[in-house]
Amino acid sequence: MKRILITGALGQIGSELTLKLRELYGIDNVIATDIKKNDSEAALGGPFETLDVTDGKKMVEIAKKYRVDTIMHLAALLSATAEAKPVFAWNLNMGGLLNALETAREVKAQFFTPSSIGAFGPSTPKDRTPQDTIMRPTTMYGVNKVAGELLADYYYHKFAVDTRGVRFPGLISYVALPGGGTTDYAVEIYYEAVKHRRYTCYIDKGTYMDMMYMPDALNAIVDLMEADPAKLIHRNSFNVSAMSFDPEEIASSIAKYIPGFKISYDVDPARQKIAESWPNSLDTTAAKEEWGFHYEYDLDKMTEDMIDKLRQKFHYRISG
Ligand code: AKB
């Protein structure tokens, strides 16, 4: 049975990953950590420790206290915030990752951390972006992600830490909001559609980015961590994605379930610039071949579920 330490456990991925892992491996075997405690189920429903990931000493102490054999390092600043505060982002994203890898080395733990479509840049092939290709990102977040992939590979080759990762696209979920990302519009649009039947989008029409529904993202993490190491040719990190759309396409999908839904645009130049530097769509062949990556939700299936879950969350009426 795994004993897992999660950093950033109260963020967008962590809030749901913590609960899924507790279901799979037992409540006491999943230790959630974050910089501040809140009243979410991830914080209150099992072991929780306050941890600032820049404090490497405390991270090792917690890992030893709970005798963990797996570390899932999620704490990081997302693309738009990182671009606004690049030095802080470097210190947090790279310092936190180095501490987490060092902790994994010291306690001999398996290791997961997400990379991102942000690891690619304007000179990367835009469509069906290959697993192995040009990676020259022009954002601080992207620089952190590429350096992070290389660092995780380094810890595998140099210290035999079993590091694994995926390049996540924009993740869409109804449990915890993302914060400071470029793809956040694809979450906000559902909240605004359910509450007000309209949304003003900060990303321009015609801008395509990869996306994935959270249940598929969580399955991908579990499947990759359970995968036979002998089959992994790549490790850090695998392209994964379930769909690619622009704001018009997600708006049309929402209009099927919320008739009269309207999208308008007030483009934010900073986030638009980041979005334009990223791929339109990723090639996920390596993930499929090496560890059986698959997904269940396409755009319409995700839209139906998001709207249903958000209506339940806000107790809105079920009729259109
Ligand atoms: C962001 O927009 O910064 C993230 C990501 C794609 O890594 N959602």
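If you count the DSSP beta bridges with both ends in the chain, what percent of them are antiparallel, to the nearest 5? DSSP beta bridges in the chain are roughly 10 percent antiparallel.
For LYS57, the aspartates and glutamates whose Cα falls under 18 Å of its own Cα, not counting residues fewer than eight places away in the same chain, are ASP34, GLU49, ASP69, GLU102, GLU106. A crude spin-label estimate for the pair LEU44 and ILE233, with each label 7 Å from Cα along the Cβ direction, gives 4.9 nm. Taking θ as phi - 60° and the Karplus parameters 6.51, -1.76 and 1.60, the scalar couplings of the range 287-297 work out to 5, 5, 6, 8, 8, x, 3, 8, 9, 10, 9 Hz in sequence order, x denoting glycine and proline. A Cβ-based charge dipole, computed about the Cα centre of the range 170-320 with Lys and Arg at +1 and Asp and Glu at -1, lands at about 680 debye.
Calculated mean residue ellipticity at 222 nm for the chain: -13000 deg cm²/dmol, from DSSP H runs with n ≥ 4 weighted as -39500 (n - 2.57), summed, divided by the residue count and rounded to 500. For LYS85, the lysines whose Cα comes closer than 20 Å to its Cα, not counting residues fewer than 8 places off in the same chain, are LYS145, LYS273. Centroid-to-centroid, using Cα positions, the range 1-74 and the range 204-267 are 25 Å apart.
Projecting the Cα atoms of MET140, TYR155, GLY179 onto the charge dipole of the range 131-190 (Cβ charges, centred on the Cα centre) puts TYR155 farthest toward the positive pole. For the range 1-110, the Cβ-based charge dipole about the Cα centre amounts to some 320 debye (Lys, Arg positive; Asp, Glu negative; other atoms uncharged). Projected onto the charge dipole of the chain (+1 at Lys/Arg Cβ, -1 at Asp/Glu Cβ, origin at the Cα centre), which of MET306, THR54, GLY14 gives the Cα projection farthest towards the positive end? Farthest along the dipole direction, towards plus: THR54.
Values in this text are rule-based calculations from the coordinates and carry no lab data. The structure presented is a predicted model; accordingly, all values stated were derived computationally and were not measured. Methodologically, a virtual Cβ is constructed for each residue, glycine included, from the backbone with ideal geometry; neighbour enumeration extends over all protein chains shown.
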